[in-house]
Structures are given as C-alpha cells and as structure tokens.
Amino acid sequence: MTQMVQITRIGVLSLGKIFGILYAFFGLVLGALMSLVFLVSGAMVGDTGGVMGFLFGAGAIITLPIFYGIMGFISGILMAIPYNMIANWIGGLEVEVETKE
C-alpha cells in the first residue's frame, strides 16, 4: 500500500550529521584520487618529487575528509533552517512511501 506523506520539518542537527558523513565519504574518495595523482606525478618528476607527492597525497587522504565533513555539516544546517521556514509557508516536500503489512 502506497501513500503520499509530506515532510514538513527536518531536524537541523540531524541533516547536518547526515550531510557531514556523506561529504566526509566524498572527501575520502577525492583524497584517495588526489593521492594517486600526486604519487604518479611525483614518481615521474624524480627523486624529490616522489617524496613531495607522497606527503601531499597522504595529506589529502587525511585532510580532505575532515574538511569536507565539516563543510557538509555546516551545509546541512544551512539547508535545514530555510527548508523548515519554507515548508511552513508553502508546505513540505511530498514523498510517496510504501508500507508493508
């Protein structure tokens, strides 16, 4: 049985946490790709380039997930607040859900 429900309010911190985790995962993937690019390009440059490529690559795997996670958390909060105000004014997002019986 399917029915339409309306999301009229989103928990501000709840959305912030969800966005934070999603963005941190994206940062991890991006950091891994960046690490790979730096390692390959550093190996092509020579002796000193390999060390710098390793340092920047390892740094990307650590710093990008943290940075993206923080930015995702802030973005989630900044999206939930206006959503709640707009949903109060014009109604919430309509979602079709299916219940199992």
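The values are calculated or read from the model by the stated rules, or taken from the named source; none is laboratory data. Given the structure is predicted, the values throughout are model-derived calculations rather than measurements. Neighbour counts run over all protein chains shown; Cβ positions are idealised from the backbone, glycine included.
Remarks
- In region 62-74 there is no residue that is β-branched (Val, Ile, Thr), surrounded by 15 or more Cβ atoms within 10 Å (Cβ to Cβ) and within 30 Å of residue 32 (Cβ to Cβ).
- Region 31-77: number of residues that are at pLDDT below 80 and among the aromatic types (Phe, Trp, Tyr): 3
Let's see how each residue does on (1) touching an Asp or Glu at 6+ places or on another chain (Cβ under 7 Å); (2) surrounded by 15 or more Cβ atoms within 10 Å (Cβ to Cβ); (3) within 13 Å of residue 63 (Cα to Cα); (4) not basic (Lys, Arg):
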{"site": "9", "(1), (2), (3), (4)": "no, no, no, no"}
{"site": "12", "(1), (2), (3), (4)": "no, yes, no, yes"}
{"site": "16", "(1), (2), (3), (4)": "no, yes, no, yes"}
{"site": "19", "(1), (2), (3), (4)": "no, yes, no, yes"}
{"site": "24", "(1), (2), (3), (4)": "no, yes, yes, yes"}
{"site": "27", "(1), (2), (3), (4)": "no, yes, yes, yes"}
{"site": "31", "(1), (2), (3), (4)": "no, yes, yes, yes"}
{"site": "36", "(1), (2), (3), (4)": "no, no, no, yes"}
{"site": "41", "(1), (2), (3), (4)": "no, yes, no, yes"}
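- Hits in region 81-99 - residues which are assigned to a helix (DSSP H, G or I) and over 13 Å from residue 9 (Cβ atoms): 90
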